[in-house]
Amino acid sequence: MEGSIKVETENLLEKLKFNDSGLIVAVAQDYITNDVLMVAYMNKESIEITLKEKRVCYFSRSRNCLWRKGDTSGHVQYLKGFAYDCDADAILLKVEQLGNACHTGTYSCFSNNVFEEDIIDKSIIKKIYSTIEDRRDNPKEGSYTNYLLDKGLDKILKKVGEETSEVIIGAKNKDKEELIYEMCDLTYHCLVLMVSEGLTVEDLKKELSKRYK
């Protein structure tokens, strides 16, 4: 098995077009939200390491050495997908990002928006989940989320049950606005339950992916 992987990697490296410095552009993208996280460079060795370990390793031009993302910060990127473009001179890495991708402390290096259409944020569920996690780790006085987490599992389950009933009532009433409102309430309380019990959005995505065939 290891031998076949090595052969496949060698074939890949022959197809890719590296610049005069032996580097190729690599774009990292959140494998769940599709948010573009960062742009860096890789060489042949860093690609081999990344594919073998399933943990992203870049090549630092400023330090002139291999750079395993997260070695010092803990903000590791786990490889979930690897593709290259039609010209074979750029790589797309689908990653699971732990913590923030940017050295400035933001999740994505592309946080300086110049223009963006008014579209639904596909990552809103993950953002709400992250906010709940932050409340757990950094309690805020007067926070309803902290109130639920402090009260514990029984209180959270009670709220999930109540909101489920409200969703049923909204559906029976044939009231679209009410149903949307109550489903959002239920979603929030389910996310609180997930954080409380150590489940992640990725856990749900994996299970749903198994079912969707």
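Only the coordinates and a few stated rules stand behind these numbers; no lab work does. Keep in mind that this is a model prediction, so the values were computed, not measured. Note: ideal-geometry Cβ built from the backbone for every residue, glycine included; neighbour counts use all protein chains shown.
Quick one: helix 201-211 against the long Cα principal axis of the chain, what's the angle to the nearest 10°, folded into 0 to 90? The two axes meet at around 80 degrees.
For the chain, the longest principal axis of the C-alpha atoms and the axis of helix 124-137 are separated by about 80°.
Under a 5 Å amide H cut-off, with hydrogens placed 1.01 Å from N, ALA26 pairs with ALA40, TYR41, MET42, ILE91 among residues at least 5 apart or on other chains. Between SER60 and LYS205, full extension at 0.36 nm per residue minus the direct alpha carbon distance yields a gain of 49.0 nm. Over all distinct Cα pairs, what is the inverse of the mean 1/r for region 124-208, reported as the Kirkwood hydrodynamic radius in Å? Hydrodynamic radius (Kirkwood, Cα only) of region 124-208 equals 13.6 Å. Between 0 and 90 degrees, the angle of helix 176-197 with respect to the longest Cα principal axis of the chain falls at about 60 degrees.
Would you give the gap between the C-alpha center of region 56-91 and the C-alpha center of region 165-213, rounded to a whole Å? Each part reduced to its Cα centre gives a spacing of 35 Å. Legend note: in the chain, cysteines whose Cβ sits 4.7 Å or more from every other cysteine Cβ are CYS57, CYS65, CYS86, CYS184, CYS190.
Count the DSSP beta bridges whose two residues both fall in region 2-97, then state the antiparallel fraction as a percent rounded to the nearest 5. List each step's numbers first, then the result.
Values: 18 of 24 bridges.
For region 2-97, the DSSP antiparallel bridge percentage is about 75.
Where does the longest stretch of the chain lie that holds no chymotrypsin sites (Phe, Trp or Tyr not before Pro) found in a DSSP loop with 14 or fewer other Cβ atoms within 10 Å? Walk me through the numbers on the way to the answer.
Working: sites that count: PHE110, PHE115, TYR212.
Longest run free of exposed loop sites: 1-109.
If you restrict to DSSP beta bridges whose two residues both lie in the chain, what percentage is antiparallel, to the nearest 5? Rounded to the nearest five, the antiparallel share is 75 percent.
Sites listed here are trypsin sites (Lys or Arg not before Pro) in region 145-184 whose DSSP assignment is loop and whose Cβ has at most 15 other Cβ atoms within 10 Å: LYS174. For TRP67, the amide hydrogen comes within under 5 Å of the amide hydrogens of TYR58, PHE59, SER60, counting only partners 5 or more places away or on other chains and with H modelled in the peptide plane. Sparsely packed loop sites in region 55-145 (the trypsin sites (Lys or Arg not before Pro) outside DSSP H, G, I, E and B with at most 16 other Cβ atoms within 10 Å) comprise ARG61, ARG63, LYS122, LYS140. Using only the Cα atoms of the chain, each taken as one equal point scatterer with no solvent, compute I(q) by the Debye sum, divide by I(0), and report log10 of the ratio at q = 0.13 Å⁻¹. Listed by q, the Debye log ratios stand at -0.89.
Looking at region 94-163, which GluC sites (Glu not before Pro) are DSSP coil and have at most 11 other C-beta atoms within 10 Å of their C-beta?
Values: sites: GLU96, GLU116, GLU117, GLU133, GLU141, GLU162, GLU163; in loops: GLU116, GLU117, GLU141.
Those that pass, being in a loop and sparsely packed, are GLU116, GLU117, GLU141.
Once you sort the root eigenvalues of the Cα gyration tensor of region 1-88 as a ≥ b ≥ c, which label holds: rounded (a/c under 1.5), prolate (a/b larger than b/c) or oblate (the other case)? Since a/c stays below 1.5, the shape of region 1-88 is classed as rounded. Once the C-beta distance of ASN34 and ASP175 is scaled by a Förster radius of 25 Å, the resulting FRET efficiency is 0.15 to the nearest 0.05.
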